[in-house]
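Below is one structure; the comments refer to it alone.
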Amino acid sequence: MSWLMPDCKETHRLVAEGMDRPLGPAERMRIRVHLWMCASCTNFSRQMEMLRSAVRKFPGPDGR
C-alpha cells in the first residue's frame, strides 16, 4: 500500500471508519484518489451511504 493510493481493503476500512468518525484531510484524499480509479470501491461506498441513510430513517430505541 502506498501513502497516497490505498488498496481496496484499506479503502473499505476508511469508508467504514468514515461512518463512525470524521476522517482527516489526508484520509479523505486517499479515498477520493482510489474511488476515482476503482469502480468496485465506488459502488461499495455508495452502498454504505445508502445503508446509512436507510438506518437513519428508522426510529431509535426511544421511538424517535
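The values are calculated or read from the model by the stated rules, or taken from the named source; none is laboratory data. Only a predicted model underlies this, so the values are computations on that prediction, with no experimental measurement involved. Cβ atoms come from the backbone with ideal geometry, glycine included; neighbour counts cover every protein chain shown.
Listing for the model above:
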item: Condition check for residue 2: outside any helix (DSSP H, G or I), of a type in the set (S, T, N, Q) and either touching a Gly at 6+ places or on another chain (Cβ under 7 Å) or modelled with pLDDT under 95 (or both); result: yes
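The rows are residues; the columns are (1) of a type outside the set (Val, Ile, Thr); (2) in a helix (DSSP H, G or I).
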{"site": "13", "(1), (2)": "yes, yes"}
{"site": "23", "(1), (2)": "yes, no"}
{"site": "26", "(1), (2)": "yes, yes"}
{"site": "29", "(1), (2)": "yes, yes"}
{"site": "32", "(1), (2)": "yes, yes"}
{"site": "42", "(1), (2)": "no, yes"}
{"site": "51", "(1), (2)": "yes, yes"}
{"site": "59", "(1), (2)": "yes, no"}
{"site": "62", "(1), (2)": "yes, no"}
